[in-house]
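Engineer: Take a look at this one; I'll ask things after.
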Amino acid sequence: MNKPRNPYSGLPQAQFWRRSVSGVERHLLDPVVSSKFTIGREQKVATAGSCFAQHIARKLQAMGFNYFVAEQAQGLSPEQARANGYGVFSARYGNIYTVRQLLQLFERAHGHFAPVEDHWTRPDGRFADPYRPNVEPDGFATLEALHDDRAAHLHHVRAMFRESEFFVFTLGLTEGWRSRRDGAVFPLAPGVTAGEYDESLHEFVNFDVADTIADLRSFLAGLRTVNPRVRVLLTVSPVPLIATYEPRHVLTATTYSKSVLRVAADTLARELDWVDYFPSFEIITGSFNGGAYYQDDAREVTDAGVAHVMRCFARHYLARTTDSADAIGDAEGLESAAVVRSRADIVCDEEAIDQVSD
């Protein structure tokens, strides 16, 4: 007896849980069905976003791809340069956690917005930039030095947006702090590492789906205006919130935040043929791995988890040449030792929240 046809007859295996998830060995699971573009070895790739975004930058560098660092250190050792925020991302902006923060950076770099809050004073009396408070570990000795460094930084940011052929952005958070005077957002709340919290000047904000989609759409439109050839890859960080300011459990706050970011990324990837979404979030958080990709704190991602994400990223988004095929080792499921790095030097501004709240 012939089975009646139904809409699911003949669909690809990737669209069935048993065939593509529960029936696949954990380390072999690959949720990417197709990619909109591939990155050539010579093409400029820039990155920005939360802490997890740094893994993609390292993968590109380790494999000899053209990771674009527009803001280079002068006269510093590699260790000193990294301590001062050089090379962590494509410019010295530190972690960009919210989409509003990314949009604000673009607007500031192109002269469309100049925040009222100019500087923060550190406990040692030196000065910090409110919009990248930790890139200068010892602070700025004078406001003139801060202003000069900021001007040079924004110059490099403009170059990064204008010259990048690919821009990878990892969405991290929806919670943030902003100025009541002009809406300027900060990567950290005033008072955590510099500045002083003033309820009359500062307020907490938790961006919703509409806010996040609108901000992302505005950023992408602006980016395409200054760089018509650029293509964008969006990811969502799988790292949970280190803390929430809202009066609810940090677990439910994390679920809300990541859900908003995931919807926003998917919305723009569906709308624009030059924007794609890469599921690093799903690889790390998926139930298929039984939590094996998190450290004992249930927050930090293990090296094995990072390696799985990077294998899938390389397989689908990096152009394969004779050299890169050996480095990727995708067919055998291998990972280059140069790619799996220690988590100790991943830069995460938000960790300061936990350190000062005990």
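Engineer: Can you tell me the dipole magnitude for the chain around its Cα centre, using point charges on the Cβ only (Lys, Arg +1; Asp, Glu -1), in Debye to the nearest 20? Don't jump to the answer; show the numbers that get you there.
Structural biologist: Working: 37 positive and 47 negative charges, 352 e Å.
It comes to approximately 1680 debye.
Engineer: A further question on this structure: Please figure out what share of the DSSP beta bridges in the range 33-356 is antiparallel and state it in percent, rounded to the nearest 5. Walk me through the intermediate numbers first.
Structural biologist: Values: 11 of 27 bridges.
The answer is about 40 percent antiparallel.
Engineer: Helix 99-109 sits at what angle to the longest principal axis of the chain, using alpha carbons and giving 0 to 90 degrees rounded to 10?
Structural biologist: The angle comes out near 50 degrees.
Engineer: While we're on this one: Step through the residues of the range 15-29 one at a time and calculate ³J(HN,Hα) from phi using the Karplus curve (6.51 cos²θ - 1.76 cosθ + 1.60, θ = phi - 60°), rounding each to whole Hz and writing x for Gly and Pro.
Structural biologist: 8, 10, 4, 4, 7, 10, 10, 5, x, 10, 4, 3, 6, 9, 5
Engineer: Something else about it: Along its principal axes, what span do the Cα atoms of the range 1-144 show, with the longest given first and each in whole Å?
Structural biologist: Cα spread of the range 1-144 along its principal axes, largest to smallest: 84, 35, 29 Å.
Engineer: Under a 5 Å amide H to amide H cut-off, with H placed in plane at 1.01 Å, what residues pair with Val301 once short-range neighbours are removed?
Structural biologist: Gln295
Engineer: Over the chain, with a Gaussian network built from C-alpha contacts below 10 Å, which listed residue (Phe169, Phe106, Phe52) shows the highest mean-square fluctuation?
Structural biologist: Phe106
Engineer: Cα axis of helix 250-271 to longest principal axis of the chain: angle in degrees, 0 to 90, nearest 10?
Structural biologist: 70
Engineer: Run down the lysines and flag those whose C-alpha is under 20 Å from the C-alpha of Lys44, throwing out any fewer than 8 positions away in its chain.
Structural biologist: By straight Cα distance, Lys44 reaches Lys36, Lys59.
Engineer: Now a separate question. Would you mind calculating the relative contact order of the chain from Cα pairs under 8 angstrom and at least 6 residues apart, reporting the percent as a whole number?
Structural biologist: Details: 564 pairs, mean separation 73.4, N = 358.
Answer for the chain is 21 percent.
Engineer: Given q = 0.13, 0.16, 0.24 Å⁻¹, what are the Debye log10 I(q)/I(0) values for the range 130-224, with equal point scatterers placed on the Cα positions and solvent ignored?
Structural biologist: -0.61, -0.92, -1.33
Engineer: Something else about it: Go ahead and estimate [θ] at 222 nm for the chain from helices alone: -39,500 (n - 2.57) per DSSP H run with n ≥ 4, summed, over the residue count, rounded to 500. Numbers along the way, then the final one.
Structural biologist: Working: 10 runs with 121 residues, N = 358.
Value at 222 nm, helices only, nearest 500: -10500 deg cm²/dmol.
Engineer: Could you give the angle, 0 to 90 degrees to the nearest 10, between helix 143-163's Cα long axis and the longest principal axis of the Cα atoms of the chain?
Structural biologist: 30
Engineer: Over all directions, average the projected area of the Cα convex hull of the chain and note it in nm². Kindly include the intermediate steps, with their values, before the conclusion.
Structural biologist: Numbers: hull surface 83.6 nm².
With the hull built on Cα positions only, its mean projection is 20.9 nm².
Engineer: Can you find, among Ala70, His27, Leu102, the residue farthest towards the positive end of the dipole of the chain? Put +1 on the C-beta of Lys and Arg, -1 on that of Asp and Glu.
Structural biologist: His27
FYI, it's all coordinate maths here, none of it is from the lab. None of these values were measured; they are calculated from a predicted model. Cβ sites come from the backbone with ideal geometry, for glycine too, and all protein chains shown count toward neighbours.
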